[in-house]
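Here's the structure we're looking at; comments come further down.
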Amino acid sequence: MIFALQLFAQTPSVVRNIRLPLWAELDAYPGLVPVDSEDKDENRDWSQFDFPIKQMHKIAPFIISGMVYGWNFVYVPYDKARGVEEYLEVTEIIPSDVIKGGIKYVSPWISDNNLNCWAEYTRTDSQIQNYNLWSSIQNPVIGGIGYASVEKGFEGIEEAAREALKDAIRNHYRKTIKNKPKEINGAVLVRNFPTLGISSGRYVINLDFFLECGKIIEYSVY
C-alpha cells in the first residue's frame, strides 16, 4: 500500500489556521477507478474511496496534534560499552481525539490518479497562546529527518515522524552533553508544517520542533 502526505512550507497564517494538503495514490487501493483528468466535483459519490479517506483521517490528527499540543518523549541513547540500545518513546501531550472533531476535510478532487483533499484546523485562542508560549520562552529549535517504508501506510508515516524526532534529539544533545546520559525526558512542539516525500520506496519526513527538556538522568546516579 502506498499512501502519502504532502505538507508545504509555513505561511504567516499557520499560527491561527493550519491547512494541510493530503493525497493518496489510487493505485494502492484495488477496486478504485482511476480518472484521466482533474475532478473537483463536490457532488461526486466519494463513498467508493472510504478506505483511503480513513487513512487521511488517521494522518491529519497525528500531525496536527503535534503542532497544536506537542509530544512528550523519553529517549535512551545508544551505548555500546553498556550494551544499551537506542530507544525512543513518544506520547501525545493531549490525545489527538480532542482535536479530531475540529478538523475539516474539504475540496476533494482527483488528479494524476491521486485522491486529494485539504485538512483544515483553526486553533482556539488558548491554543494560540500555547504556541506563543513555546516560541517565546528559551526553547531551542531542533530538527531532524526520518525514514520508513511506504509499504507500512499510515504506520510508516508515523514511524518516519518518530525517527525524525529521534534524529533531532540525538543531533541536539550530542552537541550539548559530553557524556551519554542514561535517559532524557522532555517535550516538543512541531514548529512548522512538515515536509514529506517518497524516495526509493521510503517516506522521508523533515520536522523541526521547539524543545522543552524536562530531565536528564546520568548513569552516575545509580
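The values are calculated or read from the model by the stated rules, or taken from the named source; none is laboratory data. As the structure is a computational prediction, the values presented were derived from the model and not from experiment. Virtual Cβ from ideal backbone geometry, glycine too; neighbours counted across all protein chains shown. Ligands, DNA and RNA are stripped out before the accessible areas are found, and what is left, the full protein with its side chains, is counted by its heavy atoms. Shrake-Rupley method; radii C 1.70, N 1.55, O 1.52, S 1.80 Å.
Among the residues of the range 170-207, which ones are β-branched (Val, Ile, Thr) and closer than 21 Å to residue 74 by Cα?
Residues satisfying the conditions are 176, 177, 184, 188, 190, 205.
Does residue 157 satisfy being part of a strand (DSSP E or B), of a type outside the set (Gly, Ala, Ser) and either open to solvent by 50 Å² or more (accessible area, probe 1.4 Å) or modelled with pLDDT under 95 (or both)?
No: the conditions fail for residue 157.
Kindly check whether there is at least one residue in the range 176-191 that is among the hydroxyl-bearing types (Ser, Thr, Tyr) and over 21 Å from residue 86 (Cβ atoms).
Taking every residue of the range 176-191 in turn, none turns out to be among the hydroxyl-bearing types (Ser, Thr, Tyr) and over 21 Å from residue 86 (Cβ atoms).
Check the range 167-181 and report whether any residue there is in a loop (DSSP other than H, G, I, E, B), open to solvent by less than 20 Å² (accessible area, probe 1.4 Å) and more than 30 Å from residue 49 (Cα to Cα).
Among the residues of the range 167-181, at least one is in a loop (DSSP other than H, G, I, E, B), open to solvent by less than 20 Å² (accessible area, probe 1.4 Å) and more than 30 Å from residue 49 (Cα to Cα), which makes the answer yes.
Within the set of pairs 6 or more residues apart or between chains, which connect a residue that is among the hydrophobic types (A, V, I, L, M, F, W, C) inside the range 127-142 to a residue that is open to solvent by less than 30 Å² (accessible area, probe 1.4 Å) with Cβ atoms less than 6 Å apart?
Short answer, once both residue conditions are applied: 134/189; 134/210; 142/168; 142/209; 142/211.
Return yes when residue 211 is over 30 Å from residue 82 (Cα atoms), surrounded by 13 or more Cβ atoms within 10 Å (Cβ to Cβ) and in contact (Cβ under 8 Å) with a residue 60 or more places away in the chain and no when it is not.
Spelling it out, it is not the case that residue 211 is over 30 Å from residue 82 (Cα atoms), surrounded by 13 or more Cβ atoms within 10 Å (Cβ to Cβ) and in contact (Cβ under 8 Å) with a residue 60 or more places away in the chain.
If I go through the range 91-150 residue by residue, how many of them are open to solvent by 60 Å² or more (accessible area, probe 1.4 Å) and either on the phi > 0 side of the Ramachandran plot or modelled with pLDDT under 90 (or both)?
Adding up the residues that qualify gives 4.
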